[in-house]
Amino acid sequence: MNDLILVLMFGSLASYALSKIKKNIGSWFNFFVLLYVSYMIYKTGVGTEEKFFSFIPGFESVLSLTHLGKFFALVSFLIITTVSLFIPVWIEKKIKMAASFNLLYLLMSAGILGALASGDMLTFYVFWEIMVLASLLIVPMGKEESRKAAVIYVVLSSIGSYMYLYATFLTWERYHTLKFSEIAQGLLSEPSNGFKWLVVFLVAAAGIAKSGLFPLHTWLRITHGNAPDTFSAVLSGQLIKMGAYILAVSLGVFPSLKMFPPLYGGVPAVNYVLIAFGAVSIVLGTFMAIRQNDMKMLIAYSSVANSGYIIIGLATLDSVGFAGGLFHVFNHAVAAAMIFLSFAAVVYRTGTTKIDEMGGLIHRMPWTFITYLVGIISLAGIPPTSGFISKWMIFQALVRKGMFLTAAITFVGSVGSFLYVFRPLAGVFLGQLRSKYKDVKEAPTFMLISMIFLVLLTLYFGVFPGGLLGGIVKVQKELGIPPIQFEGTVIKTPLGQWDTFTVFTMFAVGFIIALILYFLFPKPRKVDLTDQYTAGEYLYTPDLYHYATGFYRFIERLYDRHPSFEKLYEMFSRFFKDIGEGVDTWFYRASSSAYMFWITFVMLIIFWVRW
């Protein structure tokens, strides 16, 4: 791992220099470096320790790739590498500071790999901060208001980081070690339940903040919405999965099932708290996604909901549920990357992210439409995509454990996802093509290659999930969790089984029949948006007739006056800003009134002391 991290770090400098020659030369260099690193991660075995640094007496920083770390590393670099193939064409038109973008992209990748390969808490923290800092500096390269987004991103990320760092200090003081495996052994023999709760929650806080889980979810909407369009695919598809990794560490590597007594259904109370956060995230993310007219912000809220599915699956620590949580890490990474890349292609051609400003782009960008369609099918959990498998496993685990309220919430969240993913489908791609987009062309070739690759990937693992499940089984055995049972394309659970190939065959036959009927029956006549000959009226503002305007207004009215955590956090930020301005005015800013105030104040103190 040392060598691969150095390749990425030195590669970032080379990429910067090459980008100064021409923007996309550095981007192509990034792609080939990431392709090589991805291959080497796949070939690298697990368990070998490598020394990284040592400056604390009695402590050696180590890199040690585990099955859990390798699983997340493969998913992460799959997304990062695929997106890097999309970038060379996009960066020429969309990014002014291309050299800085390319440098930070590889530096962020080095931080991700180092964090996932870390064998101790301090090494993880070092690489975690490299990853956060690099991604933070990329965010302001998007829209004009993206600087505010970057500030919100770093503040909420810092909350989790500092809580994790405090857990690091606590465990070092208690056990004089920072290795994850040795801390886990110390926690197992720890007599104080309060200390164990504290460590688990402090570590999990970093995961909650990075995953965008309630109540630290508010950064996702503004950051995803204002980051560079292509980088949003990495933010949602990969970076928030680092939060899922920390949550898996806090519950699996630190074995909560053995550390705490079971409360109900074999699940400890600490896991139930995280499951509750996940359930609230599903409800909140789903209902807030329905309200969004900006397509990037809509999918950002869907990421909040899908992070809820992941933590619910992981927190069950059940053979089927934990496997479902890890499977959903892969599913959401691929689906979110597909959707954000399709949006990036649309923005590349149209220049807008507003749903009600578009329409009918299926006629000009059919392959981009297919990418988005398959992405939302997987996101909504519809077979034969891989997105169905993970949600099915999570639901099975919840029902078997008697957690019916949470199961109902996950089901409602899946139904709600149909609503919010349909809004961009109808408003952006279907309906009438606006006159200003009549000359829009399909996305460039390399953009399409990266998108179609992800489409094929989610369809492949939806039919043949064995390769992915095999890696999940290795993780479960490593953590002492009973492995998921599967044979070929049949996934077995105590409540039944699912044959993915049989389901795929049924869908394929149905699709072929529908296609035949489509070609046999007459086609409808295509008309312009303003073709209203039967109504006998003249359209002064055709845009008002675009049905994407107020698409779900009848639902949104039901919770217009909902409480908002964003407004609550903004209130606190204004409060501290006012305090800061007051301190600045009275202590640091040159002001005659301030001088007279302090002179008078000091004189009164002197007289008071004298008396």
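The values are calculated or read from the model by the stated rules, or taken from the named source; none is laboratory data. Note that this is a predicted model, so its numbers are computed, not measured. Counting neighbours? That spans all protein chains shown, and the Cβs are built from the backbone with ideal geometry, glycine included.
Summary table
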| quantity | calculated |
| --- | --- |
| Close pairs from the range 31-43: first over 16 Å from Val234 (Cβ atoms), partner of a type in the set (A, V, I, L, M), Cβ under 8 Å, at least 6 apart | Tyr36/Val7; Met40/Leu4; Ile41/Leu4; Ile41/Ala73; Ile41/Leu74; Ile41/Leu113; Tyr42/Leu74 |
| Answer from Phe388, Phe327 - the residue that is in a helix (DSSP H, G or I), closer than 29 Å to Val249 by Cβ and at pLDDT 90 or above | Phe327 |
| Counted residues, the range 431-485 - those being over 25 Å from the mean Cα position of the chain (by Cα) and among the hydroxyl-bearing types (Ser, Thr, Tyr) | 3 |
| Elements of type helices (runs of 4 or more DSSP H) contained in the range 217-312, each with 1 or more residues being within 22 Å of Ile394 (Cα to Cα) | 240-248, 256-259, 269-291 |
| Conditions (1) more than 30 Å from Tyr264 (Cβ to Cβ); (2) in contact (Cβ under 8 Å) with a residue 40 or more places away in the chain; (3) under 26 Å from the mean Cα position of the chain (by Cα); (4) assigned to a helix (DSSP H, G or I); number of the one not met by Phe418 | (2) |
| Pairs where the first residue, in the range 191-202, is basic (Lys, Arg) and the second is surrounded by 14 or more Cβ atoms within 10 Å (Cβ to Cβ) and assigned to a helix (DSSP H, G or I), C-beta under 7 Å, 6+ apart | Lys196/Leu187; Lys196/Met259 |
| Top-ranked residue in the range 458-495 [being in contact (Cβ under 8 Å) with a residue 24 or more places away in the chain, outside any loop (DSSP other than H, G, I, E, B) and small (Gly, Ala, Ser); ranked as surrounded by the most Cβ atoms within 10 Å (Cβ to Cβ)] | Gly462 |
| Scope the range 375-393; condition under 17 Å from Phe511 (Cβ atoms) and polar (S, T, N, Q); matching residues | Ser378, Thr385 |
| In the range 319-352, the residues that are surrounded by fewer than 24 Cβ atoms within 10 Å (Cβ to Cβ) and closer than 30 Å to Lys441 by Cβ | Val347, Tyr348, Arg349, Thr350, Gly351, Thr352 |
| Selection count, the range 375-409, where residues are at negative phi, within 18 Å of the chain's Cα centre (by Cα) and surrounded by 24 or more Cβ atoms within 10 Å (Cβ to Cβ) | 8 |
| Checking Pro268 against (1) farther than 24 Å from Met121 by Cβ; (2) without any contact (Cβ under 8 Å) to a residue 24 or more places away in the chain; (3) of a type outside the set (Phe, Trp, Tyr), the condition it does not meet | (1) |
| Verdict on Ala248 being among the hydrophobic types (A, V, I, L, M, F, W, C) and either touching a residue at least 24 places away in the same chain (Cβ under 8 Å) or closer than 27 Å to Lys474 by Cα (or both) | yes |
| Only listed residue being of a type in the set (Ser, Thr, Tyr) and more than 24 Å from the chain's Cα centre (by Cα), chosen from Ser232, Ser192, Ser236, Ser211 | Ser192 |
| Per-region count, the range 394-408, residues closer than 29 Å to Gly510 by Cβ and of a type in the set (Val, Ile, Thr) | 2 |
| The range 501-517: number of residues that are of a type outside the set (Phe, Trp, Tyr) and either closer than 22 Å to Phe486 by Cβ or touching an Asp or Glu at 6+ places or on another chain (Cβ under 6 Å) (or both) | 5 |
